[in-house]
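Chemist: Sharing a structure here in structure tokens format.
The values are calculated or read from the model by the stated rules, or taken from the named source; none is laboratory data. Only a predicted model underlies this, so the values are computations on that prediction, with no experimental measurement involved. Quick reminder, even Gly has a Cβ in these numbers, built from the backbone with ideal geometry, and neighbours come from all protein chains shown. Heavy atoms of the whole protein, side chains included, go into the accessibility calculation; ligands, DNA and RNA do not. Shrake-Rupley method; radii C 1.70, N 1.55, O 1.52, S 1.80 Å.
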Amino acid sequence: MADLGPVPWPPAPIRTERLLLRAAEARDRATFVELYGSQEVHTYLGGPRPQEELEREMPEVPGHASGSFVVERDGAMIGQILLRRATKHRPAAVGKVDLGYLFLPRAWGFGHAAEACGAALDWLDGVLPGEPVVLATQTANTRSLRLAATLGFTEVERFRAWEAEQWLGMRPAVSA
């Protein structure tokens with residue numbers, strides 16, 4: 001994945017009804033380790049990274065890159081939203097903005113992903129109007145497929161990768 005290109009980063013924090021989307025800070029490191037090391041979070045992502053490896057290799061300020069938002073609720077990090085240029089997956093995705101997200105299991109089932117992803121996509125529409133967005137997930141990940149539909153993504157194709165059937169969806173370009 002490549003960064004978004006010439007967009008102001010980090011943007012001002014984005015507030016929703018319940019959440020704050022912001023740039024990563026050093027205080028988020030332990031939560032990033034938990035997020036990337038969670039078996040539940042990585043069920044459809046090829047499995048978690050070993051805790052010891054994460055502790056050793058995680059930078060002081062993880063996720064500090066253009067297009068990476070920390071999702072915070074009540075002062076605590078609960079997830080991450082990633083907006084990057086797709087460089088692989090499928091030809092239909094290359095060069096388009098790719099939406100990715102990870103949330104801690106304790107934040108699942110409350111609509112946080114829809115709220116946070118919707119806010120990130122609204123921000124993207126303001127800084128890069130007219131950009132289509134893609135999202136890839138395993139077809140077995142029914143929660144992610146429901147979220148994709150909620151966010152306005154429609155199926156472009158299915159394909160096999162990482163020993164599983166994958167779904168590629170696209171959200172049409174939105175003008176600011």
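Chemist: Identify the chymotrypsin sites (Phe, Trp or Tyr not before Pro) of the range 107-176 meeting these criteria: DSSP loop state and at most 11 other C-beta atoms within 10 Å of the C-beta.
Modeler: Numbers: sites: 108, 110, 123, 153, 159, 162, 167; in loops: 108, 110, 153, 162.
Those that pass, being in a loop and sparsely packed, are 162.
Chemist: Still on this model: So what is the calculated 222 nm ellipticity per residue for the chain, using -39500 (n - 2.57) for each DSSP H run with n of 4 or more, over all residues, to the nearest 500 deg cm²/dmol? Mind showing how you got there, number by number?
Modeler: Details: 4 runs with 40 residues, N = 176.
Taking each H run of at least 4 residues, the total per residue is -6500 deg cm²/dmol.
Chemist: Counting only protein heavy atoms and a 1.4 Å probe, tell me what percentage of the chain's accessible area is made up of carbon and sulfur.
Modeler: Percent of accessible area from carbon and sulfur atoms in the chain: 52.
Chemist: Separate question: Just check the range 50-176 against the gyration tensor rule for me: Cα atoms, a ≥ b ≥ c as the square roots of the eigenvalues, rounded for a/c under 1.5, and otherwise prolate or oblate depending on whether a/b exceeds b/c.
Modeler: Verdict is rounded for the range 50-176.
Chemist: I'd like the Karplus ³J(HN,Hα) series for the range 68-78: coefficients 6.51, -1.76, 1.60, θ = phi - 60°, whole numbers in Hz, and an x wherever there's a Gly or Pro.
Modeler: Values per residue, Gly and Pro as x: 9, 10, 7, 9, 10, 10, 6, x, 10, 5, 10 Hz.
Chemist: Do any GluC sites (Glu not before Pro) in the range 1-107 lie in a DSSP loop with no more than 11 other beta carbon atoms within 10 Å, and if so, which?
Modeler: Those satisfying the criteria are 17, 40, 60.
Chemist: Related question: Round to a whole angstrom and tell me the spacing of the C-alpha centers of the range 100-116 and the range 20-98.
Modeler: Comparing the Cα centres of the range 100-116 and the range 20-98, I get a distance of 13 Å.
Chemist: Based on the alpha-carbon gyration tensor of the range 1-89 and its eigenvalue square roots a ≥ b ≥ c, which shape applies: rounded if a/c is under 1.5, prolate if not and a/b is larger than b/c, or oblate?
Modeler: Judged from the Cα gyration tensor, the range 1-89 comes out oblate (a/c at least 1.5, b/c at or above a/b).
Chemist: Could you tell me the relative contact order of the chain? Use alpha-carbon pairs under 8 Å, at least six residues apart, and round to a whole percent.
Modeler: 19
Chemist: Using a 1.4 Å probe, what is the accessible area per residue for the range 37-125, in Å²?
Modeler: With all protein chains present, the range 37-125 gives 46 Å² per residue.
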